[in-house]
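Nothing in this text is a laboratory measurement; each read-out follows from the coordinates by a stated rule. Quick caveat, the model's predicted, so the values are computed rather than measured. Because the Cβ atoms are built from the backbone with ideal geometry, glycine has one as well, and the counts that use them run over all protein chains shown.
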Amino acid sequence: MNRKNWNSYIERQKPQYRGTPFPREFVAEMIVVIPCYNEPGFLDTLRSLLEAPLPAIRIATVVVFNSSERSTAEGVEQNRKSFGQAKEFAENYNDEERLFLPLLFERLPRKYAGVGLARKIGMDLAVEHFLRTDNARGIIVSLDADCTVSENFFNAIYTAFAQNNRLKATVHNFHHRAGNNKILESAVRQYEDYLRYYREMLRFTGFPFYYHTVGSAFSVLADAYVRVGGMGRQQGGEDFYFLQKVFALGEIAELNDVWVYPLARFSDRVPFGTGPALQKILNEPDDVLKVYSPDAFETLKQLFDRKDVFFRKDPKEVEEMTIDLHPALLHFLKEVRFAEDIADCNSNCASLATFRKRFFHHFNAFRIIKYLNCVHPNFFPYVKITSLGGKF
């Protein structure tokens, strides 16, 4: 642990959200952080965690009940009711191995209030706790207030970090609960197929950071959390932005046998994510999700496959080496000034290994999305997710 860096990180955070509230006698090695706003069923999540067997460590669960300056009266009231229920739950089930810690934050500034800030508050408090207890190997687990978890949840995550002291983060599997709602069931399975399809196509291209970025389905080493500057305050997509920085550190484990089970529902709370995606499916004339074409990924793979040949090449040579690529990709590369990026890589990299790393610093997950949006539908038509076989 670099205590100076950790202290510096904590001191940069807003003082009103700081101050480790953990009992001094409870020393956690793993902390689950759950943002919660207007979730009447959140106790199902706590009960699920309670039922999951523990490894031989102490685990804390922090529930960050949050509302903003513009939250509805109903949402604020539900939060207060839930906070009271969570305190009662904690009184009944806290013991030497488990700590449930509910926190209530109200009237958060409208500019930042939302799931990102709430997740950040909880995770920053986890960092404070690990700093106080001098635990550089502390594990922060991200979950949502509408999730249940598989029985092996704690044991598998802990074992992954215990067996690999270089591990920075774990990514978990997911399966949404849709109940008996046939329409919702169809929509959410399509959305899950899309997430897995997108992950597999990124892997196919050779992109090294292809992992899922689901806010309720990852854990991160506290030291890695500090190194990337912590969770962002975005009001949606905070998981994506944060995890891209963590992935770049290397050593990520996909725990495909660890499951979270979020509640499927139509929602417009955040600008993107499961809720808006499900609503988008329903807005399609045939209720079928349209996704990026496999051909667009195949085209991108051709560029990634030849990245090594750009090492120590001048702009003229790079242009000659890309002239046979698909016109759609050439159009995009010109738009983003790809030749300048390669020049930057060559100016700052003495080895092929560092060149590769810097290449994907430029052609990162954000640029891939920009590319896909640029080439659809003019160059590549969107395709129905149901036409892809669903084997992801």
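Can you give the charge dipole size of segment 294-375 about its Cα centre, rounded to the nearest 20 debye, using +1 on the beta carbon of Lys and Arg and -1 on the beta carbon of Asp and Glu?
320
Between E151 and K316, what's the calculated FRET efficiency when r is the beta-carbon distance and R0 is 56 Å? Round to 0.05.
0.40
With only alpha-carbon atoms in the gyration tensor, what are the semi-axes of the equivalent ellipsoid for segment 54-116, in Å, largest first?
28, 14, 6
Give the peptides 138-146, 91-99 in descending order of average Cβ contacts within 10 Å, highest first.
Top to bottom by mean Cβ count within 10 Å: 138-146, 91-99.
Translational diffusion coefficient of the chain at 4 °C, 1.567 mPa s, Stokes-Einstein with Kirkwood Rh over Cα pairs, in µm²/s as a whole number.
In µm²/s, the coefficient rounds to 57.
Tell me the angle of helix 238-247 to the major Cα principal axis of the chain, expressed in degrees between 0 and 90 and rounded to the nearest ten.
It is inclined by approximately 70 degrees.
I want to verify the translational diffusion coefficient of segment 34-83 in µm²/s; compute it with Stokes-Einstein, Rh as the Kirkwood radius over Cα pairs, at 20 °C and 1.002 mPa s.
In µm²/s, the coefficient is 175.
Taking Cα atoms of segment 294-375, Rg/Rh with Kirkwood Rh, to two decimals?
On the Cα set of segment 294-375, Rg over Rh gives 0.93.
Per q in 0.13, 0.14, 0.20 Å⁻¹, report the Debye log10 I(q)/I(0) for segment 1-89, using one uniform scatterer on each alpha carbon and no solvent.
Log-scaled intensity ratios, in q order: -0.60, -0.69, -1.13.
Would you mind checking the tilt of helix 338-348 against the longest principal axis of the Cα atoms of the chain, expressed as 0 to 90 degrees and rounded to 10?
70
Would you calculate a helix-derived [θ] at 222 nm for the chain, using -39,500 (n - 2.57) for each DSSP H run of n ≥ 4 and dividing by the full residue count, to the nearest 500?
-14500 deg cm²/dmol
Just grab the label-to-label distance for K334 and R70, each label 7 Å out from Cα along the Cβ direction, in nm (one decimal).
So the label points at K334 and R70 sit 4.1 nm apart.
On a 0 to 90° scale, report how tilted helix 153-163 is relative to the longest principal axis of the chain, with both axes built from alpha carbons and the result rounded to the nearest 10.
Approximately 60 degrees, to the nearest ten.
For segment 212-253, what class follows from the C-alpha gyration tensor (a ≥ b ≥ c being the square roots of its eigenvalues): rounded when a/c is under 1.5, otherwise prolate if a/b is larger than b/c, else oblate?
It comes out oblate by the Cα gyration axes.
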